[in-house]
Structure formats: C-alpha cells, structure tokens
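To start, the structure itself, in structure tokens.
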C-alpha cells in the first residue's frame with residue numbers, strides 16, 4: 001500500500017510535465033533531422049493525447065492521464081534511442097535531464113497500467129493460448 005501511495009505521488013508530479021513534453025513533440029515534429037517514421041510516431045502520439053477517445057478516458061481523474069503520459073514517454077524514449085540526443089536537447093526547454101525524466105515517467109506510469117492496456121499501447125496484442133500452441137508446435141518440429 002505504501003509503494004502504491006509513493007508511486008501515485010510521483011506520478012502526480014510527472015503529470016505536470018505533460019504540457020512541456022507535448023511542446024517537445026510538436027517541436028521535434030517540425031525538425032528536418034527527425035526521420036519520417038519517427039515523425040509519424042510523434043504525430044500519432046500527439047493525436048492520441050489530444051483526442052477525446054483514449055484507452056482510458058481523460059475525464060477519469062488521475063488514471064485517465066496515465067496512458068497519455070506512458071505513450072508520450074515511450075515515443076520519446078524510442079526517438080532518444082534512434083536519433084542524435086542533441087536534436088532532442090535543442091528542443092527541450094525543461095531543466096530536468098530529459099532521458100531520466102521520460103524513463104521515470106514510463107516506469108511509474110507502467111506501474112498503474114494493466115498489462116492488457118500496456119500491450120495495446122505498445123501494439124502487442126497477445127491472444128491467450130493461441131501463441132503457446134503455435135510455439136509448442138514449432139518446438140516439436142525442431143526437435
């Protein structure tokens with residue numbers, strides 16, 4: 001219970017960064033050094049966050065913003081891993097270390113999201129049982 005309370009307090013602090021992170025997404029979207037594929041992901045993330053239709057509706061207090069924060073963080077982490085860090089740093093107006101901040105947001109938001117929703121946001125929808133049967137069949141063929 002104490003861990004949940006601690007994580008909730010951290011998440012409340014991190015949710016305050018959403019406007020700054022959205023500004024960062026918009027700035028990166030206009031930067032010619034960001035690849036088209038990354039821009040598509042950034043644009044999709046922006047549309048998801050500003051859209052009234054979410055996996056968890058934004059009108060649900062606290063928890064409604066967690067999926068937005070999580071998606072922003074994984075989109076930015078992906079970009080950090082693919083692009084030159086200096087590109088992102090040029091656009092970041094905050095005082096916090098951007099990589100540490102978005103890594104922490106991702107971890108704390110992940111704590112609150114059910115696995116099923118995390119899978120949807122990651123694009124990994126797994127069907128129960130079917131994948132295991134296929135994996136078992138492949139293993140049997142290889143033996």
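The values are calculated or read from the model by the stated rules, or taken from the named source; none is laboratory data. Since the model is a prediction, treat every value here as computed from it, not as a measurement. As a convention, Cβ positions derive from the backbone with ideal geometry for all residues, glycine included, and neighbour counts pool all protein chains shown.
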*Got at least one residue in the stretch 49-70 being free of Cβ contacts under 8 Å to residues at least 40 places away in the same chain and closer than 23 Å to residue 94 by Cα?*
yes
*Residues being in contact with a helix residue (DSSP H, G or I) (Cβ under 7 Å, 6 or more places away or on another chain) and at pLDDT 75 or above: count how many of those fall in the stretch 105-128.*
8
*In the stretch 11-32, what residues are under 15 Å from the mean Cα position of the chain (by Cα), over 16 Å from residue 43 (Cα atoms) and part of a helix (DSSP H, G or I)?*
11, 14, 15
*Counting only residues that are touching a residue at least 24 places away in the same chain (Cβ under 8 Å) and either more than 20 Å from residue 38 (Cβ to Cβ) or within 14 Å of the chain's Cα centre (by Cα) (or both), how many does the stretch 78-92 have?*
2
*Those residues that are surrounded by fewer than 16 Cβ atoms within 10 Å (Cβ to Cβ) and assigned to a loop (DSSP other than H, G, I, E, B), I need them from the stretch 82-106; list them, please.*
84, 93, 94, 95, 96, 97
